[in-house]
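Here is the structure we will look at.
The values are calculated or read from the model by the stated rules, or taken from the named source; none is laboratory data. Since we're looking at a predicted model, the values are computed, not measured. Here the Cβ is made from the backbone with ideal geometry for all residues, glycine too, and neighbour counts use every protein chain on show. Side chains included, ligands, DNA and RNA excluded: accessible areas come from the protein's heavy atoms. Shrake-Rupley method; radii C 1.70, N 1.55, O 1.52, S 1.80 Å.
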Amino acid sequence: LRCIGLDSYVMIRFLRFGFETQFWSFVAACIVLIPTYYTNDYDGEFYKDETGGFSTTTTTGYFRITINRLENDSPKIWVVWAFAIVYFLAILRRLWVEWVVFVDLREDFLANGDPDATKEDDPESVKQFRNSCVVEYVPRSHRRDKDLLLFYESLFPGQVKRAEMVVNSARLTTLIQERRRYIAEYERINAKQVHEMREYCRLTESLE
């Protein structure tokens, strides 16, 4: 965690969770389920399908190592049932372990911040992180730093150090992009006019 940061650590644990829950269950299935299916003496049976015709359970080829090799009343069904119960219990156990680890990391993050972001900060910045909160949907009448500070001071006298209003820059970003398009279009038209003017001057000079 100290070497790669919180985000990478959580991602690696997620990938390891997927590997451990799938790879080892596959190994267990190769040891328990596949031999159970393959060694069962059952070649399928005819049954009447929805269209009124007769079909048979496919038990050849790939299906020799699937549950198709077990008849409905086969005692070996209990092996599959027991495997499924153990598998899901193991998955739930691993989920619980990951949840416990995640809760500890989350609480540490809320209390101390991201180690990558705060290791270079001074104690005052860390203290500010621990005592800051984000408020959304602020009414228009309070969308100024001073008005917002006075409002919270009325709620928590002497407990608010400062309040800052972060303006939504989506509209500003749109205007900046539109301005850039106008500038590019102006430069294109200006370059075209300059080129045409030079061509005109060159043509008139050749006629003289």
Determine how large the accessible area of residue 108 is when every protein chain is in place; take a 1.4 Å probe and give Å² rounded to the nearest 10.
70 Å²
Simple spin-label estimate for residue 13 and residue 42 in nanometres, 7 Å along Cα-Cβ
4.2 nm
Multiply the residue gap between residue 74 and residue 24 by 0.36 nm, knock off their C-alpha separation, and tell me the result in nm, one decimal place.
15.4 nm
Can you give the accessible area of residue 88, probe radius 1.4 Å, in Å² rounded to 10?
120 Å²
How far apart, in nanometres, would the label points at residue 154 and residue 63 be if each is projected 7 angstrom from Cα along the Cα-to-Cβ direction?
7.6 nm
Sorting 186, 42 by accessible area (1.4 Å probe), largest first, what list results?
186, 42
Please find the FRET efficiency linking residue 136 to residue 182, where r is the Cβ-Cβ separation and R0 is fixed at 41 Å, and quote it to the nearest 0.05.
0.80
To the nearest 10 Å², what's residue 173's accessible area with a 1.4 Å probe?
60 Å²
